[in-house]
Amino acid sequence: MTNDELITKLKAIVAPYVQNEDAFKNLSKNTDFVNDLKINSANLVDIILDIEDEFDIRLENEDMEKMLDVKATIEIINTKLANK
Amino acid sequence: MIGNDIVDIAEARQKSDWQRPRFLEKLFTTKEQQIINKSDNPFLMVWRLWSMKESAYKLYTQLHPSRFYNPKQFACEIDDSQGKVRYKDFVCYVKTNTTSQYIISEACLVKANMVSECIEIESRLSKNQSDTIKAKLLLTIAQQFNILKEDLTILKSDFGIPSVYHNSKKLNIGISISHHGNFGAYAIV
């Protein structure tokens, strides 16, 4: 899967939790879930669970710890997919 | 230093599903999951523990500037109204108040009374909500210290930790801000 395809999938996953639509329209690798998209921290776990379901992977605590922005999230998904 | 966190009960009911598969195991220790399962109202216990973890994280990151997402490692203990949260060798005391509309938790390094003020906010926009709470917080500080509100600003560090500045001088006041759904809270120490 290319990074562009991954970002497209990720965009669909985060969409329901976004509270800043402008930042969402301009979503890039550098977008932060909390600071930019204003996603409530209570919903970060939903994004993590949605990612697990979408990519059929399991994310550990060490993975979750870094998953605050698009870049780190893509890196983690790629690593998990490679190890499948 | 203080950390607080508010949960809008209606918002939590509507926007989160604590019963979805793996939700509890991702966020809560085995012990906490037992507390939730044994509770008369598991839904309220989930969000009480969540707000305890969040308020403790906000206090921890003031002492150790950093940013991460690891709620499960912030382990909660509850006896009566006083709770304790541990993360590695960090320990703090957390008080929680639950009303019919919201749950508010407040973390301190020592046992103390709750100081958070809770407000109902009409706007649903995240930006406006946080502006409303900040304005209220600055007004309170201005009145308390007899200074002009216009000279006060709140700036966040790279790690997202807020501080109050008088003109450009950082004030030695501990603050914490939280908002969720229709409710906001601020604490000043």
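The values are calculated or read from the model by the stated rules, or taken from the named source; none is laboratory data. Small disclaimer: the values here were computed from a predicted structure and weren't measured. Virtual Cβ from ideal backbone geometry, glycine too; neighbours counted across all protein chains shown.
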Since B:Asp89 meets every condition but one in (1) assigned by TED's automatic domain parsing to the domain that holds B:Phe74; (2) surrounded by 14 or more Cβ atoms within 10 Å (Cβ to Cβ); (3) of a type outside the set (Lys, Arg), which condition does it not meet? (2)
Collect the residues in the stretch B:102-125 that are out of contact with any strand residue (DSSP E or B) (no Cβ under 7 Å at 6 or more places or on another chain) and not charged (D, E, K, R), keeping them in residue-number order. B:Ala112, B:Asn113, B:Ser123, B:Leu125
For the stretch B:1-65, which fully contained helices (runs of 4 or more DSSP H) count at least 1 residues that are within 12 Å of another protein chain (Cβ to nearest Cβ) and of a type in the set (S, T, N, Q)? B:9-15, B:42-63
Condition check for B:Lys72: part of a helix (DSSP H, G or I), touching a Lys or Arg at 6+ places or on another chain (Cβ under 9 Å), within 22 Å of A:Phe33 (Cβ to Cβ) and basic (Lys, Arg): yes
For the stretch A:45-58, indicate whether the set of residues that are crowded, with 20+ Cβ neighbours inside 10 Å and touching a Lys or Arg at 6+ places or on another chain (Cβ under 7 Å) is non-empty. yes
Residue among B:Ser16, B:Ser105 that is under 21 Å from B:Gly174 (Cα atoms), modelled with pLDDT of 95 or more and among the small types (Gly, Ala, Ser): B:Ser105
Does the stretch B:120-137 contain any residue that is closer than 30 Å to B:Ala10 by Cα, in a strand (DSSP E or B) and not hydroxyl-bearing (Ser, Thr, Tyr)? yes
Boolean, B:Ser130 is surrounded by 13 or more Cβ atoms within 10 Å (Cβ to Cβ), assigned by TED's automatic domain parsing to the domain that holds B:His166 and in contact (Cβ under 8 Å) with a residue 24 or more places away in the chain: yes
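Scan the stretch A:13-54 residue by residue and report those that are among the β-branched types (Val, Ile, Thr) and in contact with a Gly (Cβ under 9 Å, 6 or more places away or on another chain).
Correct list: A:Val34 only.
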Is one or more of the residues making up the stretch B:79-93 acidic (Asp, Glu) and modelled with pLDDT under 95? yes
Qualifying residues in the stretch A:36-84 (those that are in contact (Cβ under 8 Å) with a residue 60 or more places away in the chain and polar (S, T, N, Q)) - the one nearest to the other protein chains (Cβ to nearest Cβ): A:Thr73
Search the stretch B:32-52 for residues that are in contact (Cβ under 8 Å) with a residue 12 or more places away in the chain and pair each with any residue that is among the charged types (D, E, K, R) when their beta-carbon atoms are under 6 Å apart and the residues are at least 6 apart or on different chains. B:Leu49/B:Glu32; B:Ser51/B:Asp5
Hey, does the stretch A:35-50 have a residue that's more than 26 Å from B:Ile6 (Cα to Cα) and not charged (D, E, K, R)? no
Residue among A:Leu27, A:Leu10, A:Leu81, A:Leu37 that is buried (at least 16 other Cβ atoms within 10 Å of the Cβ), not hydroxyl-bearing (Ser, Thr, Tyr) and not in a loop (DSSP other than H, G, I, E, B): A:Leu10
